[in-house]
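Derivation of every value follows stated rules applied to the coordinates shown; laboratory data play no part. The model shown is predicted, which means the values in this text are computed figures rather than measured ones. For neighbour counting, all protein chains shown are included, and Cβ atoms are generated from backbone atoms with ideal geometry for every residue, glycine included.
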Amino acid sequence: MEEKKERTVDYSPIIDQAKELAALIAGSEEVERFKQAEEKISGNGRVQGLIAKIKQKQKQIVKLEHNRRYDEIPALEREIDALQDELDSIPIVLEFKQTQQDINELLQMVTSVIANKVSESIIVSTGGDPLYNETGYAKAKPEGMGGCGC
């Protein structure tokens, strides 16, 4: 019987670099602004009161759904919408949401750069053309052959 060898890959250098990148992001200006905005929100009685009311009404909706009293739900949803509109009009809430968006954009940008650089590296290392996003293997196909090689 042939013994199956288990393949082990050491990802620790990559994980270590990812941890360093995470530390850079965590220390960024965007994250600092987010933490400040979050602190302001948690210390604001009006904001916390509105959040508590919204959560209470959401729980009421769950109970109504459980008891199949669906006709009462739209009124509560309108109340939640009004409370949410009031919450969204508070400047520190707007600031908080903006900082969340800024961090998300930063994370998406980092993810995109990593993906693009890995793809480009693969394409270049196979003799491909990064301009057309094709590996060198695409050029090796005989004329008239489809992508499946058939």
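Tell me which aspartates and glutamates have Cα within less than 14 Å of Lys59's Cα, excluding those fewer than 8 residues away on the same chain?
Filter leaves Glu72, Glu77, Glu79.
Two decimals is fine: what's Rg over Rh for region 45-89, C-alpha atoms, Kirkwood radius as Rh?
That ratio equals 1.04.
If Lys and Arg each add +1 and Asp and Glu each add -1, what is the summed charge of the other residues whose beta carbon sits under 11 Å from the beta carbon of Gln98?
After counting each charged neighbour, the total is -2.
Tell me, what is the FRET efficiency for Lys117 and Lys35 to the nearest 0.05, using R0 = 30 angstrom and their Cβ-Cβ distance as r?
After rounding to 0.05, the efficiency reads 0.55.
Can you tell me what percent of all Cα-Cα pairs in the chain are more than 20 Å apart?
Roughly 73 percent, rounded to a whole number.
Select from Asn44, Pro74, Leu21 the residue farthest towards the positive end of the dipole of the chain; place +1 on Cβ of Lys and Arg, -1 on Cβ of Asp and Glu, and compute about the Cα centre.
Pro74
Taking a threshold of 20 Å on the Cα-Cα distance, which of the pairs Lys35/Lys55; Lys19/Lys117; Lys35/Lys97 fall above it?
Lys35/Lys55
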